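Here's the structure, in structure tokens; my notes come after.
The values are calculated or read from the model by the stated rules, or taken from the named source; none is laboratory data. Since this is a predicted model, take the numbers as computed values, not measurements. Note that we place each Cβ from the backbone using ideal geometry, even for glycine, and neighbour counts take in every protein chain shown. Ligands, DNA and RNA are stripped out before the accessible areas are found, and what is left, the full protein with its side chains, is counted by its heavy atoms. Shrake-Rupley method; radii C 1.70, N 1.55, O 1.52, S 1.80 Å.
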Amino acid sequence: MDNLSAKGPLGPELLSDKVVRPAKKSKIFASAEDKELEDEEEVSNYTLLVTMQRMEKLHIESLKRLQRLEESTIKNASTIQELMHSMEFQSKQLKDVTDKMNIGQVKIKKLEKENADLKEKCLQLETYQRRWNLRVAGVPERGVEDTKKLVVDLFSQVSPSIAAHLPLTLDIAHRLGPRSGEANANRRIIVRFLSRAHRDQVWRDARTSELLRERKITVSEDLTQQTKDERNKLWPLVEKARKEGKRAGFRGAAAFIEGKK
């Protein structure tokens, strides 16, 4: 029994209080494991290196892009500055042109007013000078004639009270316009007096002359075209007043009915 207790399956080795440790790995397995760890470390380092290289490349590309963007921004800023200078210059030129146009418009308005005033003065002067004239229509025209003598003889019969003065006071008398080839085409005669009083006397007598009516000769004032146009506009009113038995007529370009303009 003693031998069994000492050396049997339940011997002192099994009953010992010592901790049972695992057996150590072999050197072959240890070196393989270390090599695997080393390989893993090398792969990790390589991946990290590649990643860093890529990041560095991206960083360089980003810097280049930023540089190009900065250059483009500077170029655009320069272009914008040039455009601003150009716009300022054009704006100044436009202002100068506008100022000149405004000055020109003021001058044009002034010239237009001066022109209108001059036209009015010329019209007044022409109208005033024509007050010494009379026009005669319907006097038969001969091949060779003394027009002034014809008019003196005619007006002497119309205004016998001033017949003795007519050869001297009647300054000019001549036909108007070129001859026409038509038969019985009698050109009008323009007559100018030296005396306004004698002219007005003939004009008053001619309006009631039976001799002129019989010979179908008319004597009229020498009016400007503007005065004629104004009278033509007012003629219906004058004609209506005369038919109603009222005194109506013209003085210059104005119409008067019963002494009222």
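The residues listed here are L123, L150, L134, L154; of these, the one that is touching a helix residue (DSSP H, G or I) at 6+ places or on another chain (Cβ under 7 Å) and within 18 Å of T218 (Cα to Cα) is L134. Across segment 109-133, the qualifying residues are those that are hydrophobic (A, V, I, L, M, F, W, C) and open to solvent by 90 Å² or more (accessible area, probe 1.4 Å), and the one among them that is nearest to D229 (Cα to Cα) is L125. Taking first residues from segment 189-213 that are touching a residue at least 40 places away in the same chain (Cβ under 8 Å) and of a type in the set (A, V, I, L, M, F, W, C) and partners that are exposed (fewer than 12 other Cβ atoms within 10 Å of the Cβ) and assigned to a loop (DSSP other than H, G, I, E, B), the Cβ contacts under 9 Å between residues at least 6 apart in sequence or on separate chains come to I189/L176; I190/L176. Residue pairs whose Cβ atoms lie under 8 Å apart, separated by 6 or more positions or on different chains, with the first residue in segment 233-247 and part of a helix (DSSP H, G or I) and the second open to solvent by 100 Å² or more (accessible area, probe 1.4 Å) and charged (D, E, K, R), are A241/R247.
Checked against the criterion of being among the small types (G, A, S), surrounded by 11 or more Cβ atoms within 10 Å (Cβ to Cβ) and either touching a Lys or Arg at 6+ places or on another chain (Cβ under 9 Å) or at negative phi (or both), segment 244-251 contains one or more residues that satisfy it. Selection of first residues in segment 135-147 that are open to solvent by 40 Å² or more (accessible area, probe 1.4 Å) and of second residues that are among the small types (G, A, S), restricted to Cβ pairs under 7 Å at least 6 apart or on distinct chains, gives the following pairs, ordered by first then second residue: R135/S220. If you go through segment 148-157 and keep only what is free of Cβ contacts under 8 Å to residues at least 60 places away in the same chain and buried (at least 16 other Cβ atoms within 10 Å of the Cβ), you end up with K148, L150, V151, V152, F155, S156.
Consider segment 217-231 and keep the residues that are under 18 Å from R188 (Cα atoms) and among the polar types (S, T, N, Q). The one that is most open to solvent (accessible area, probe 1.4 Å) is Q225. When segment 158-216 is filtered for residues that are assigned to a helix (DSSP H, G or I), open to solvent by 60 Å² or more (accessible area, probe 1.4 Å) and among the charged types (D, E, K, R), the ones remaining, listed by number, are R196, R204, E210, R213, E214, R215.
It is to be established whether one or more residues within segment 104-123 are closer than 30 Å to L194 by Cα and in contact (Cβ under 8 Å) with a residue 24 or more places away in the chain. The answer is yes, given that some residue of segment 104-123 is closer than 30 Å to L194 by Cα and in contact (Cβ under 8 Å) with a residue 24 or more places away in the chain.
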